[in-house]
Amino acid sequence: MFRAFMIGAVSAVALMLSTGSFAQQSQPGTAQDAQGMLTKTVAALKADKTNTIAMINKGEGGFLQGDIYPFCFQTTDGKVVATAPQLQKFVGTDIRTLKDPTGKAFGPEIFAAAKEGKITEVGGYQFPKPGTDTPVPKVSFVTAVSDLGCGVGYYK
């Protein structure tokens, strides 16, 4: 009887925690969330670049949390190599060609901001959240890791 009670109690706690987790994921990410994920992305890329790129592209390993996700591009030719699963149409695109619907060329700014050992904030552009087509204001934190430029942004 005690065992059944414990199993029920543990199950109830797990359900409450998972419900809270889902609620947090539906809330918009913050600047702090984006900076934290960028730090995680840099560490993961340094440890295992190939596996990290694969996880980013699949949205696995915590690399997709609500509307917060990393994106990476080659610092040589600007080609996007990793982004959220819902944005895979951008893989292979030269980031320097990206403009928002207002005509702001934010891609060249992001490309130029990728400097190893430095995190630069790039804002003032619009981009759709994963799974949508409607652009909204976005700010990204950008750095470089070896031959990749990577960023994580949040939506305002």
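Brief remarks follow.
- Reachable lysines from LYS138, criterion Cα separation under 16 angstrom, eight or more residues apart if same chain: LYS99, LYS104, LYS129, LYS156
- Global form of the range 28-155, assessed from the alpha-carbon gyration tensor, a/c cut-off 1.5: rounded
- Proximal aspartates and glutamates relative to LYS49, as straight alpha-carbon distance under 19 Å, when same-chain residues fewer than 8 apart are discounted: GLU60, ASP77, GLU116, ASP147
- For the range 90-95, 3J(HN,Hα) per residue [Karplus equation, 6.51 cos²θ - 1.76 cosθ + 1.60, θ = phi - 60°, Hz, x = Gly/Pro]: 8, 4, x, 7, 6, 4
Every read-out reported here was derived from the displayed coordinates using simple, explicitly stated rules and does not represent laboratory data. In this text the structure is predicted, and so the values were computed from the model without any measurement.
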